[in-house]
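This report concerns only the one structure given below.
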Amino acid sequence: MEDSTASISDQIVYLRIMDAGVSNSQICVRGEPCRILFDYRMTRFGGGQKVWWPDCSSCKETLSAVPPSSGYWMVLPSGMDSYEYESNYTMEPACRPVTSFPICTCLSESGDRPLVLGSGSIAGPTLDNVVYCVKGHPRCIITFIDGVDLQPGTDYIHIMHACGKVQDRDNLFGGGRAVMTEDLKFKLASAIADDAKAGVYNLCWCRVSSTNLCNETFSVEAGFFLLAGPNKLPLTSITLGESLTLQNIGGTSLSKFDLVRVQAKCGGKSDGSKFIEGTSLTQVGFFEFDPINAQTLGAGTFEFCWCQPAVNLDTQGDHKCNVSEDFSVLFGELKVRCPADKIKENGLCKDCRVWFQIADSAGEVCIFDLGRVFLFLTILALGTCSIFGSVCMVELKPSCAGFFGLRLMGRRIYIDDICCEVEGKQMVLTTAGFFDTKDFRLEHHTHSWRIRVLDKHRLEILDEEGRVPRERADSSRGFLVLSIWRTFLHTCPCPLPALPLFNRVPIAFASPFVYLLTKWIFFYVDVPDEPAIAALFLSELIIAPILRHFWKRRRPVTSIARRLAQFDAMLSEDNPEPQSCARGPHRAVTAYQLFSLYDFFQSFIKHRTMYYLEPNIVRPLCDKFQLSYAERAGPHVVQWFISHYWGTPFRFFCDTVRMHAFDSSGSEDEETWKQQSYWICTLSNNQYRISEELGVTHTDSSFYLALRSASCKGTCLVLDELALPLT
């Protein structure tokens with residue numbers, strides 16, 4: 001049987017007509033046996049005589065059909081010793097109304113006029129009764145049942161799926177049975193059992209007799225019973241804070257005045273428990289509710305309770321649907337879930353106490369979540385990479401096997417200048433910055449250096465034991481590289497003067513708070529799903545290097561960098577398209593080119609040596625073309641080969657060359673002696689192809705080629721006063 005329609009099949013009601021004399025009238029009750037007596041002493045009937053009812057229109061038409069086309073009939077048996085005969089017959093309830101009928105026979109089959117032997121009638125309810133009751137109403141009173149000779153006190157009705165023997169399923173209608181009262185009404189004990197489905201059912205009738213006490217069998221159909229109410233809904237689930245709407249609710253005899261409440265239990269007492277109510281004033285079967293929150297209902301499992309106000313209070317009782325008891329019809333359940341990552345405790349939604357736990361699917365308990373652990377570790381790793389990427393330096397460095405790998409180094413600080421002060425008692429680093437200094441004494445040291453702050457822009461370089469190093473180092477390029485720990489300890493997250501307090505908090509102490517903030521953002525605030533979070537961090541890792549690149553471009557240019565740009569422009573005017581030339585004697589520079597280089601960078605060179613000049617001045621001027629300085633400035637054919645010591649101060653070296661040029665030229669004219677050309681390894685060798693300059697053997701080296709060339713007049717050996725280069 002479906003929710004809204006009862007399955008009603010045609011049933012054959014068996015009637016037995018007995019105790020009716022041929023000359024008397026007898027009332028037979030539907031569903032009960034009757035007896036018809038035939039007195040052979042008073043008739044001329046014999047065995048084989050046909051008797052039929054209730055249609056006595058024509059003997060010929062009726063008896064020509066076997067059995068007759070309409071009505072019911074019997075054949076009197078032969079050799080009866082008794083004058084009474086008992087007949088069993090069936091009557092279709094859908095075709096036979098409750099009324100009187102004749103009992104007929106024919107004297108001959110050819111006769112047209114039948115002989116009426118007597119009459120009979122059937123008492124009981126008619127078949128077209130329709131009864132209506134509403135689920136949840138306190139009483140269901142059937143005020144009228146149409147029928148013949150209905151008797152108070154003995155006539156019962158029962159609401160059943162199908163009339164007949166009472167089945168277990170009919171017990172669902174615990175209150176669906178009543179006896180006729182003196183005022184000809186049937187008052188059901190209750191409207192109908194709460195768990196009975198709304199729909200159309202059979203109205204079954206029974207009269208108490210000696211053979212049937214109306215306890216187990218109700219075989220007489222008396223019409224239909226309509227049980228008004230909604231159909232059962234499947235479990236509905238929503239999240240706390242969402243709006244609730246019920247639509248397209250099916251049922252029987254629903255109206256736009258129906259009311260629905262969501263409460264803890266249908267039919268419960270009005271004890272102040274929370275509930276929400278929806279109405280359907282605009283459309284039948286449509287109910288709209290206010291958003292469900294902790295104040296209106298809370299989290300948990302609740303019931304959909306239905307109520308239809310009574311139309312006739314005189315007969316149906318006081319049922320105005322204004323108290324919780326009136327909403328007794330349960331037609332569904334509502335599960336109000338807590339939001340994701342929250343569990344229900346006493347109707348309230350609370351967070352899981354441990355970050356690696358989430359609420360289970362039911363929102364009842366916290367369970368371990370591997371995905372959350374992975375997500376947190378991913379966030380931690382990406383956050384760590386972001387901090388290291390912002391503060392530290394990642395270098396792509398080739399390995400001995402030819403592969404490339406990433407090397408993480410501490411913060412790089414640009415070097416403006418490294419020099420010795422106070423007669424060599426201090427090695428001072430100005431405006432901070434040892435990476436890419438091109439000074440082997442700094443970069444190839446076996447231990448780390450220590451730094452002492454002198455003032456805002458000057459740092460003193462010390463060895464690992466805090467002493468002034470014996471080695472002398474000079475550089476105007478590269479970086480001072482802090483250790484990773486010192487990077488975090490001495491780097492502040494915000495350089496803005498508007499945040500002086502935060503600007504004095506090292507990243508080593510600030511980053512844990514960033515992680516705590518990250519945890520709060522991603523685990524206590526509604527966030528997108530995991531792919532969106534991953535995309536967010538990947539975007540950060542892509543955007544961060546770009547922003548860092550532009551940030552680096554905003555850094556102030558060092559003094560030597562500006563001077564190098566100016567001198568490079570001067571070289572480009574004299575030699576706009578420098579070209580490579582043969583090694584050896586063709587890569588000499590004039591005294592004029594040497595002195596121009598010294599004079600322009602004199603403020604930086606000071607007392608420094610070739611160890612400073614080559615990486616800080618010569619190489620940066622040649623980086624663009626990857627040529628020797630002689631090729632960059634304009635090469636000349638060698639006249640003199642210079643042998644010197646790189647550790648000699650460059651200004652002493654230039655003074656020596658000046659004196660040699662003056663003497664070797666034999667002229668006091670400056671324009672003449674400055675044209676003397678010299679092969680100087682620092683300026684004549686291509687510093688980017690040293691292996692080629694050295695050659696396979698000494699005779700193939702650039703030194704040998706220049707020294708033994710036809711244009712070379714001799715060798716100029718540069719010594720100091722004590723001739724220390726020879727020691």
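The values are calculated or read from the model by the stated rules, or taken from the named source; none is laboratory data. Owing to the predicted nature of the structure, the values given are computational and were not obtained by experimental measurement. Note that each Cβ is placed from the backbone with ideal geometry, even for glycine, and that neighbours are counted across all protein chains shown.
Things worth noting here:
- Residue within segment 203-212 that is of a type outside the set (Ser, Thr, Tyr), surrounded by 15 or more Cβ atoms within 10 Å (Cβ to Cβ), out of contact with any Phe, Trp or Tyr (no Cβ under 8 Å at 6 or more places or on another chain) and at pLDDT below 85 present: yes
- Filtering segment 601-613 to residues that are crowded, with 20+ Cβ neighbours inside 10 Å and within 18 Å of Gln566 (Cα to Cα) leaves Phe601, Ile605, Leu613.
- Only a single criterion out of (1) at pLDDT 90 or above; (2) in contact with a Phe, Trp or Tyr (Cβ under 7 Å, 6 or more places away or on another chain) is not satisfied by Pro649, namely (2).
- Test: residue in segment 254-272 that is in a strand (DSSP E or B) and among the acidic types (Asp, Glu): no
- Residue within segment 326-349 that is assigned to a strand (DSSP E or B), among the acidic types (Asp, Glu) and farther than 25 Å from Leu246 by Cβ present: yes
- Of all the criteria given as (1) in the same structural domain as Ser219 (by TED's automatic domain parsing); (2) at pLDDT below 80; (3) in a loop (DSSP other than H, G, I, E, B); (4) surrounded by 19 or more Cβ atoms within 10 Å (Cβ to Cβ), the one not satisfied by Asp170 is (3).
- Boolean, Val116 is among the β-branched types (Val, Ile, Thr), at pLDDT 75 or above and outside any loop (DSSP other than H, G, I, E, B): no
- Taken over segment 282-292, the criterion of being loosely packed, with under 15 Cβ neighbours inside 10 Å and either in contact with a Lys or Arg (Cβ under 6 Å, 6 or more places away or on another chain) or closer than 19 Å to Ile238 by Cβ (or both) is satisfied by Val284, Asp290, Pro291.
- Some residue of segment 626-647 being in contact with a Lys or Arg (Cβ under 6 Å, 6 or more places away or on another chain), in a helix (DSSP H, G or I) and within 30 Å of Arg562 (Cα to Cα): yes
- Search result, residues across segment 566-584 that are surrounded by 12 or more Cβ atoms within 10 Å (Cβ to Cβ) and within 60 Å of the chain's Cα centre (by Cα): Asp568
- The set of residues in segment 573-607 that are assigned to a helix (DSSP H, G or I), among the hydrophobic types (A, V, I, L, M, F, W, C) and under 20 Å from Ser643 (Cα atoms) comprises Ala591, Leu594, Phe595, Leu597.
- Within segment 123-162, the residues that satisfy the criterion of being of a type in the set (Gly, Ala, Ser) and either under 23 Å from Cys321 (Cα atoms) or in a loop (DSSP other than H, G, I, E, B) (or both) are Gly136, Gly153, Ala162.
- Those residues of segment 350-384 which are β-branched (Val, Ile, Thr), surrounded by fewer than 17 Cβ atoms within 10 Å (Cβ to Cβ) and either in a strand (DSSP E or B) or at pLDDT below 80 (or both), in sequence order: Val354, Ile367, Val373, Thr378, Thr384
- Wholly enclosed helices (runs of 4 or more DSSP H) of segment 666-727 bearing at least 2 residues of a type in the set (Val, Ile, Thr): none
- Yes/no for Pro309 being at pLDDT 85 or above, part of a loop (DSSP other than H, G, I, E, B) and not β-branched (Val, Ile, Thr): yes
- A single member of Ala723, Ala710 is surrounded by fewer than 13 Cβ atoms within 10 Å (Cβ to Cβ) and either more than 26 Å from Tyr612 (Cβ to Cβ) or among the acidic types (Asp, Glu) (or both), and it is Ala710.
- Members of segment 205-227 that are closer than 28 Å to Thr252 by Cβ and among the basic types (Lys, Arg): none
- Of residues in segment 273-293 being assigned to a loop (DSSP other than H, G, I, E, B) and of a type in the set (D, E, K, R), the one farthest from Val323 (Cα to Cα): Asp290
A quick yes/no check of all residues on (1) surrounded by fewer than 16 Cβ atoms within 10 Å (Cβ to Cβ); (2) among the aromatic types (Phe, Trp, Tyr):
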residue	(1), (2)
Leu627	no, no
His636	no, no
Trp640	no, yes
Phe650	no, yes
Phe653	no, yes
Ala661	no, no
Glu671	yes, no
Lys674	no, no
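- Condition broken by Asn686, with the remaining ones in (1) surrounded by fewer than 18 Cβ atoms within 10 Å (Cβ to Cβ); (2) closer than 22 Å to Ser711 by Cβ satisfied: (1)
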